[in-house]
Every structure is written in structure tokens, then in C-alpha cells.
Amino acid sequence: MAGPKKPETKSTATGLELLVFILLLTAIIPVIAGFFAFTFNPLKFLSEVRAYFAPFFERYLFWLEASAVIFSALFLWGIIYIFIKTNYLEIKREQFLDILGKPYVSRRRSLKGWKQIQSRLQSQEQNQWKLAILEADHILNEILKMSGYLGAKLEDKLELITPAQLSNVEEVKKVHQIRHKIASDPGFLITNEEAREIIDIYKKSFIELNLIQD
């Protein structure tokens, strides 16, 4: 079983930005084309445009205005719908906060992750208990990274920590090995009671690292 993936905020935001860019480009191209035509021969261009479109607009002006209002409302609704469904504004806000202060964002995401872990333990599905352990391990790694501990992997960071810095560091090392078994062996079995005991070890670490309160 693979470990939990980080929120793909950047790829989601990039796709939405591309969609907005295409819509803007579609609206701007006619304006640019008209600008060049106006620049090269403005009087002739305006005269030809007026002569060509005047009869049509005079005849169907009301319906064109009504259609423009309807399509504008539909496009606006579509943009708002996309923003709400994809949580686009929240993604952009977190990216902005990430620039101002990454530790704040990392801690905020970790707290949200901890709440999700507690929710998974309430499930009746074993896979949810496994995910809770994987996520707790991931959060601990992020918190230690945020605290300045070096190392590509969590086990590297744990080797730098003494019991004086984290009282249950030896227990954390043991449950971290269980995390590896869960991630590498889809058939690995675990009970809800065992999962809760493991999460309690992570919880004690989170409390000592001031991520959560008891």
C-alpha cells in the first residue's frame, strides 16, 4: 500500500489557471485583431464593419442582447462552480501563505490531517486504520522537517533525536517499522485496537512537539 499523497495543490491550480487563460485568450483575440485592423486603416475598417453588421444588429438587436446576458450568466456560473468544487480560492490562499510563512501552512495542514486520522480510526474498515497510521507517520516527518531536523526520510531524522528531545522516540522507531510493513505489504493485517495503540504513540509525539494538546 502506498503512503498518503500530499495535496496536489500546484497541479490543480495550474489546470484552473490554464482554463482561465484560454477563456481570456478567446475573448482578447478578436480585440487584438480589431486593434490591428483599426491601426492600419481605421476609417475604412470602421466603415466596412458598420456597413456589414448594421442591418443584422438592427434586426436582431434584442435577441443578441438577451443571448449575451444568458451566456454571460452561464459563464459566470461555470467559473463560480469550478472555484467551489475545486476549492481553488483555498488553494491560492495556501500558496500565498506558503510564500509568507511555510511553517504556518505546514502546521495548519498537519492539524487537519490529525483530525482526519481520528476520523479514520472510527471506521469499521481495516484499510482506514492503515491509512491513519500512514498519515500519522507522514505528519510526524513533516513536523520534524519543519522543526529543522535534517534527513531524507523519517528514520534519518529519528536517529538525530534523543529521548531528552522526544521521550518516546524508541517507540516511534518501532511503529515506523510497522508503517513500512503496511506500505509494502497489502496483505498485512492489523486490528483496530493495535491501530489505536500505534496512533497513541504518534499522538504523544505530537503533544511533545506542540502540534496538538492532550
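Could you tell me whether any residue of the stretch 113-133 is basic (Lys, Arg), surrounded by 12 or more Cβ atoms within 10 Å (Cβ to Cβ) and modelled with pLDDT under 90? Outline the logic, then answer.
We begin by selecting, within the stretch 113-133, every residue basic (Lys, Arg); these are 115, 120, 130.
Remaining after also requiring surrounded by 12 or more Cβ atoms within 10 Å (Cβ to Cβ): 120, 130.
Now narrow it down to the ones that are modelled with pLDDT under 90: none.
No - not one qualifying residue is present in the stretch 113-133.
Please enumerate the residues belonging to the stretch 142-153 that are surrounded by fewer than 21 Cβ atoms within 10 Å (Cβ to Cβ) and not hydroxyl-bearing (Ser, Thr, Tyr).
First pass over the stretch 142-153, keeping only residues surrounded by fewer than 21 Cβ atoms within 10 Å (Cβ to Cβ): 142-143, 145-153.
Glu142, Ile143, Lys145, Met146, Gly148, Leu150, Gly151, Ala152, Lys153, listed by residue number.
When you go through Asp185, Asp156, Asp214 one by one, which is the residue that is loosely packed, with under 13 Cβ neighbours inside 10 Å, assigned by TED's automatic domain parsing to the domain that holds Gln128 and either modelled with pLDDT under 95 or of a type in the set (Ser, Thr, Tyr) (or both)?
Numbers: Asp156 fails: loosely packed, with under 13 Cβ neighbours inside 10 Å; Asp214 fails: assigned by TED's automatic domain parsing to the domain that holds Gln128.
None of the other options fit; the residue is Asp185.
Name the pairs: first residue in the stretch 111-127 and under 17 Å from Thr191 (Cβ atoms) and in the same structural domain as Lys203 (by TED's automatic domain parsing), second residue charged (D, E, K, R) and surrounded by 12 or more Cβ atoms within 10 Å (Cβ to Cβ), Cβ to Cβ under 8 Å, at least 6 apart or on different chains?
Ile117/Glu135; Arg120/Glu135; Leu121/Arg196
Take the conditions surrounded by 10 or more Cβ atoms within 10 Å (Cβ to Cβ), within 22 Å of the chain's Cα centre (by Cα) and at pLDDT below 75 and apply them to Leu100. Does it pass? Break it down into steps so the answer makes sense when it comes.
On the way: surrounded by 10 or more Cβ atoms within 10 Å (Cβ to Cβ): no; within 22 Å of the chain's Cα centre (by Cα): yes; at pLDDT below 75: yes.
Against the criterion (surrounded by 10 or more Cβ atoms within 10 Å (Cβ to Cβ), within 22 Å of the chain's Cα centre (by Cα) and at pLDDT below 75), Leu100 does not qualify.
Only one of Ile190, Ile161, Ile178 is of a type in the set (Val, Ile, Thr) and touching a residue at least 60 places away in the same chain (Cβ under 8 Å). Can you tell me which? It would help to see each step written out before you state the result.
Working: Ile161 fails: touching a residue at least 60 places away in the same chain (Cβ under 8 Å); Ile178 fails: touching a residue at least 60 places away in the same chain (Cβ under 8 Å).
The match here is Ile190.
The values are calculated or read from the model by the stated rules, or taken from the named source; none is laboratory data. A quick note: this is a predicted structure, and the numbers were derived from the prediction, not measured. Virtual Cβ from ideal backbone geometry, glycine too; neighbours counted across all protein chains shown.
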